[in-house]
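A.B. asks: Submitted below is the structure of interest, expressed as structure tokens.
The values are calculated or read from the model by the stated rules, or taken from the named source; none is laboratory data. On a predicted model such as this, the values are computed, not experimentally measured, just so you know. FYI the Cβ positions are ideal-geometry reconstructions off the backbone, even for glycines, and counts take in every protein chain you see. Calculation scope for accessible area: heavy atoms of the full protein, side chains included, ligands and nucleic acids excluded. Shrake-Rupley method; radii C 1.70, N 1.55, O 1.52, S 1.80 Å.
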Amino acid sequence: MKGKLQALLHESLATLKRKWAARPRLTPPVPARPVHLEKRDFDFMRKVDGVRRRYLFERALFGLSLIATTFLAFFALRCFIDWWLVMPWFLRFFALVAEVLFIGGAFYRYVFWPYRHPPSDEETALMIERAHPSLKTRLISTLQLMQPGVIAGNTAPSMVQALAEETETVSRETRFGTAVPLKRASKMFVRGLFITAAAVTGFLLAGDTGLALMRRALLSWEPVPRKTMVYGITGDVIIGFGDDIDLLVRTEGIIPKEGRVEIDYESGRSQEFPVSVYSDDPKVFHRLIEAVPETFEYSVYLGDGRSERYTVSTREKPVLLKVDARYQPPSYTGRAAKSISLQALDVLPGGKLMLVAHSNQELSGGTLHLAGLGKTQEMSVLTGNVEQAGGTVEIPLEGLTGISVRVKDEDGVRSTASPAYPVRIIEDQAPTVEIVFPVEIQQLVTPDADMLLSFKATDDNLIGNVSLHYSINRGQEQSFELDIGENPGAALHNRYDWPLGKMSPLLEIGDIVEYWIVAEDTNDITGPGSGSTRRYVARVVTPEEKQAELVNRVLDKFNQISGVASSQRTVNQDLGKLIDRKE
């Protein structure tokens, strides 16, 4: 079995070898021997090159003229439309981009592409033969046969030579240049010159207006020039639903007497209102729109001018939830800051009132309106809590009668104003002082005596100093401070031994000393406030006179005591009689 398989395999291999040896074989062709024509300088070849150059010139002239004509025409049209309708910036941008793209496409098609891909000899010959049918394909056939390697070795070169000479003869009588007419390009060139001249003349006649329109066409932000220029003051703004808005514009140039504002609401309805001159400036016009219900756009028309189109956007107003107040009295009072009710704002001049407003939205600040002063004060957002805004009011000497609070959200929308919290500026009270001892208004003293003085002083804040004032025989007033310690507080009770013997000049018998005590507080803003005792008198006498005065005083006291005792005995006797009667 194995031998039969081997024999079958050898037989199959032998059959494949025979078939491979009997396969048909391809014989490569014998390369053709190129045939070279007689070297001659044919004139029609130069004329074909001239037609090609003429074609490129015609394309370039037409393309550049088309670009110049289109650019100037559309540029002038854009300026006119902008002057007429006041195109917004984004429309001017898209118009400029479209114009640049068109110019780039035209340049690529008519200038760049023909220059990079000029027509071949065959394409140029085809254009010539279409213009001159009498050539009967001689030109294109000659150009194709004259290319190297086209004529095989078994072809007679004399026939190609004869065809070339015949083409040369016919071409001498033919104007190849008419194959590329310049009439279309010339018309476009003349049209471009006319439009250029017209555009330049128009812009020159327009003067500064034309220059401004050109700059706007190149995306300048300046307004459209008019005899009456209208500039927005209010501009784009965001307000709360139901708020009033005063639309303000400023005019330059010819100032008209009247104008109008056109309003287009978001819902689709439109309104028109007259505008009037603002009282503070004759160049400013305004219109108050009350209780704005929704977002709207507006433009103001004055004379031949109009403003840009602005938008007044509406949104929910922030809600003022509550206001906290802390009062810092002036430093001279020595008191610490404390919370205070907004219904009882009794404050001293020089103090500070710190207010914190709470809202239901994130805030960007707020405003404090100071009634009586006609001023406002800004509030700032508190660090760490963007829903609170705070401000500090320094209490003036006078004029402030109330405070109201308004907060504003991140878009500047203000809340409804809070009630005006009444402020009462109170005066710092002067201190009071009295001499407790001596009790008598007049008294006798010896020249070298020490006179005891006892006094009390009180103030609504702090006592600053206490001084003793005196004059001798109604002469010049003199004074010196009394020692009351470092921190006397708001009330003190002190005494002082006044050494009369050390006075300068020395006292003499018969001198009259008038004295009183003055107390001052620490008020360094509206004060200091001061209060004084009544005036006391001391008469300088001899020691004998003083001794006699003391004896008389003792006798007076004794007599008073005796009188009291006698009155007491009489009362006791009357009481005993009354008791006896009842028994």
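A.B. asks: Considering only the other residues whose Cβ falls under 14 Å of the Cβ of Lys408, what net charge follows from Lys and Arg at +1 and Asp and Glu at -1? Show your work: numbers first, answer last.
C.D. replies: Numbers: positive: Arg315, Lys317, Arg406, Arg414; negative: Asp243, Glu316, Glu362, Glu378, Glu387, Asp409, Glu410, Asp411.
The answer is -4.
A.B. asks: Right, here's the next one. Quick check: the angle from helix 543-582's long axis to the longest principal axis of the chain, C-alpha only, nearest 10 degrees?
C.D. replies: Compared with the principal axis, the helix lies near 80 degrees.
A.B. asks: Using θ = phi - 60° and the Karplus curve 6.51 cos²θ - 1.76 cosθ + 1.60, what whole-Hz ³J(HN,Hα) does each residue of the stretch 185-197 get, with Gly and Pro shown as x?
C.D. replies: 5, 5, 4, 5, 5, 5, 4, x, 4, 5, 5, 4, 4
A.B. asks: Another question, if that's okay. Can you run phi through the Karplus equation (6.51, -1.76, 1.60; θ = phi - 60°) for the stretch 442-457 and list ³J(HN,Hα) in whole Hz, with x for Gly and Pro?
C.D. replies: With the stated coefficients, the stretch 442-457 comes to 10, 7, 9, 9, 8, x, 10, 7, 9, 8, 7, 10, 10, 9, 10, 9 Hz.
A.B. asks: So, one more: Once amide H atoms are placed 1.01 Å from N in the peptide plane, what residues at a sequence separation of 5 or more from Ile254, or on another chain, have their amide H within under 5 Å of its amide H?
C.D. replies: Answer set, sorted by chain and number: Thr228, Met229.
A.B. asks: Let me ask another. Set the Förster radius R0 to 22 Å, insert the Cβ-Cβ distance between Phe90 and Arg250 as r into 1/(1 + (r/R0)^6), and round the FRET efficiency to 0.05. Mind showing how you got there, number by number?
C.D. replies: Working: r = 25 Å, r/R0 = 1.13.
The value I calculate is 0.30.
A.B. asks: Per residue, how large is the accessible surface of the chain? Use a 1.4 angstrom probe and give square angstrom. Don't skip to the end; give the middle numbers.
C.D. replies: Numbers: 35570 Å² over 583 residues.
Result: 61 Å² per residue.
A.B. asks: Working from Cα positions, state the angle (0 to 90°, nearest 10) between the long axis of helix 121-131 and the longest principal axis of the chain.
C.D. replies: 80 degrees
A.B. asks: Less than 15 Å Cβ to Cβ from Thr542, Lys/Arg counted +1 and Asp/Glu -1: what total charge do the surrounding residues give? Can you show the working numbers first?
C.D. replies: Values: positive: Arg539, Lys546; negative: Asp448, Glu508, Asp511, Glu544, Glu545, Glu549.
Net local charge, Thr542 excluded: -4.
A.B. asks: Next up: Which order do you get for Thr124, Thr169 if you rank them by accessible area with a 1.4 Å probe, largest at the top? Each step should come with its number before you reach the end.
C.D. replies: On the way: Thr124 0, Thr169 75 Å².
Descending accessible area places them as Thr169, Thr124.
A.B. asks: Using θ = phi - 60° and the Karplus relation 6.51 cos²θ - 1.76 cosθ + 1.60, list the HN-Hα couplings for the stretch 295-302 in order, rounded to whole Hz, with x at every Gly or Pro.
C.D. replies: Result, ordered by residue: 5, 8, 10, 8, 9, 10, 10, 9 Hz.
A.B. asks: Please work out the FRET efficiency for the pair Ser186 and Leu218, using the Cβ-Cβ distance as r and a Förster radius of 30 Å; give the result to the nearest 0.05. Before the final figure, lay out each step's value.
C.D. replies: Working: r = 31 Å, r/R0 = 1.04.
About 0.45, to the nearest 0.05.
A.B. asks: How much net charge surrounds Ala98 when only other residues with a Cβ under 15 Å from its Cβ are counted (Lys, Arg +1; Asp, Glu -1)? Please report the intermediate quantities before stating the final value.
C.D. replies: On the way: positive: Arg78, Arg92; negative: Asp82, Glu99.
Combined, the nearby Lys, Arg, Asp and Glu give 0.
A.B. asks: For an R0 of 51 angstrom, estimate the FRET efficiency from the Cβ-Cβ distance between Ala198 and Ser331 and round to the nearest 0.05. Before the final figure, lay out the partial values.
C.D. replies: Numbers: r = 80 Å, r/R0 = 1.57.
After rounding, the FRET efficiency stands at 0.05.
A.B. asks: Now for a different question. Simple spin-label model, 7 Å along Cα-to-Cβ: Gln271 to Arg53 in nm?
C.D. replies: Result for the modelled spin labels: 7.6 nm.
A.B. asks: Now for a different question. Which percent of the accessible heavy-atom area of the stretch 266-343 goes to carbon and sulfur, probe 1.4 angstrom? Numbers along the way, then the final one.
C.D. replies: Values: 2050 of 4370 Å².
For the stretch 266-343, the apolar C and S fraction of the accessible surface comes to 47 percent.
A.B. asks: For the chain, what does the relative contact order come out to in percent, with C-alpha contacts under 8 Å and a separation of six or more?
C.D. replies: On the way: 1022 pairs, mean separation 49.6, N = 583.
For the chain, the relative contact order is 9 percent.
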